[in-house]
2 protein chains.
Amino acid sequence: MLAKQKELIVQLLRSSKLSITDTRVKILELFLKSNGALEHADFEKLSGKSFDRVTIYRTLQTFLDKGIVHKIPTTDTSVRYAICKSDCGEHDHHDHHVHFRCEECGSTRCLEETDIPVISLPKGYDAHNVEVVVSGVCKECK
Amino acid sequence: MLAKQKELIVQLLRSSKLSITDTRVKILELFLKSNGALEHADFEKLSGKSFDRVTIYRTLQTFLDKGIVHKIPTTDTSVRYAICKSDCGEHDHHDHHVHFRCEECGSTRCLEETDIPVISLPKGYDAHNVEVVVSGVCKECK
DNA sequence: GATGTTTATGCAACATTGTTGCAATTTTAT
DNA sequence: ATAAAATTGCAACAATGTTGCATAAACATC
């Protein structure tokens, strides 16, 4: 791993008041390496099974709590996580961007440059958060 | 069950070329009774455990294949199904409406009257389907 | 650096959810 | 009423997620 990247990861953990551990560094490294969303099984594969399953679950939950990653909705039982690029904190997490799932390669990524549109709901509904997942074919698979 | 409703369900199954069985009728009845989305566990509870788990899985998959129900994306491991009110067939299923998840009562429902907005993606991406899930507080919980 | 305290990890055991093969039953068509 | 086709229930298995607790690692302080 590049020293530069390692420094970035350490800063990220410090700013969330988390201690620096091998598991957390490795998982963040995997997030930065992949430009898409990851699910639990990916971490077991990509990390070479060097970490316990339970540790991975707990690490992801911690990152969620701290606003370091966010979940992406899916229509199956998998839970997908993506790293938050910006504007997310421990107490105010919002995805202001669209998620895209490619039907060809199966990857899911955040389209940071594509804003969530305003949805006008029927009378009586209060919206707190809006999730948009677009599926189709990505740039690379065309 | 009302004879009228039963007749409706039988028609629905017939038009999808499915045979009329107790499980299928019961599950459709539960869909019509609830005005929100249901997940697998709900069927086990609501049906009074009268059906085998496997049968429920297979029935839901059959309904999906036939376009009778659709899935709603979630950020956890649950898989939520809602009955299609309109314009869905076996080979062209589209949700043209927004889904709403209430943070208070936990129910998920289809907002048939709220259209999915047009999302303009970055160059190179082809969109086939757009899912929108809004979370917040519903009419009943305010 | 060494030391004690706090925090994170790994293991075991368990709970939940989903899948597959096959025999028995039910539905449908004749 | 009967035969063929489809569905169901059971058993066994696979995958995924959770909890308690002892061990190990990280951190703050000296």
Taking interchain pairs and intrachain pairs at least six residues apart, which have beta carbon atoms under 9 angstrom, with the first residue in segment A:42-62 and within 14 Å of chain B (Cβ to nearest Cβ) and the second more than 6 Å from DNA strand C (Cβ to nearest atom) and in a loop (DSSP other than H, G, I, E, B)? A:Leu60/A:Val79
Would you pick out the residues in segment B:1-13 that are more than 16 Å from B:Lys85 (Cβ to Cβ) and under 19 Å from the mean Cα position of the chain (by Cα)? B:Lys6, B:Val10, B:Leu13
Every residue in segment A:18-41 that is among the hydrophobic types (A, V, I, L, M, F, W, C), within 12 Å of DNA strand D (Cβ to nearest atom) and within 14 Å of chain B (Cβ to nearest Cβ), please. A:Ala41
Complete set of residues in segment A:25-66 that are near DNA strand C (Cβ under 9 Å from one of its atoms) and among the polar types (S, T, N, Q): A:Ser50, A:Thr55, A:Thr59, A:Thr62
Search result, residues across segment A:52-85 that are under 14 Å from B:Thr75 (Cα atoms) and of a type in the set (Gly, Ala, Ser): A:Ser78, A:Ala82
Mind checking which strands (runs of 3 or more DSSP E) fall wholly inside segment B:25-142 and carry at least 3 residues that are surrounded by fewer than 18 Cβ atoms within 10 Å (Cβ to Cβ)? B:108-115, B:126-137
Note on segment B:70-87: residues away from chain A (no Cβ under 12 Å) and among the β-branched types (Val, Ile, Thr) are B:Ile83
Counting only residues that are within 9 Å of DNA strand C (Cβ to nearest atom) and assigned to a loop (DSSP other than H, G, I, E, B), which one in segment B:1-24 is most open to solvent (accessible area, probe 1.4 Å)? B:Lys17
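The values are calculated or read from the model by the stated rules, or taken from the named source; none is laboratory data. This one's a predicted model, so the numbers in the text were calculated from it and none came from an experiment. With ideal geometry, Cβ positions are generated from the backbone for all residues, glycine too; neighbour counts draw on all protein chains shown. Side chains are part of the model used for accessible areas, which takes the heavy atoms of the whole protein and leaves out ligands, DNA and RNA. Shrake-Rupley method; radii C 1.70, N 1.55, O 1.52, S 1.80 Å.
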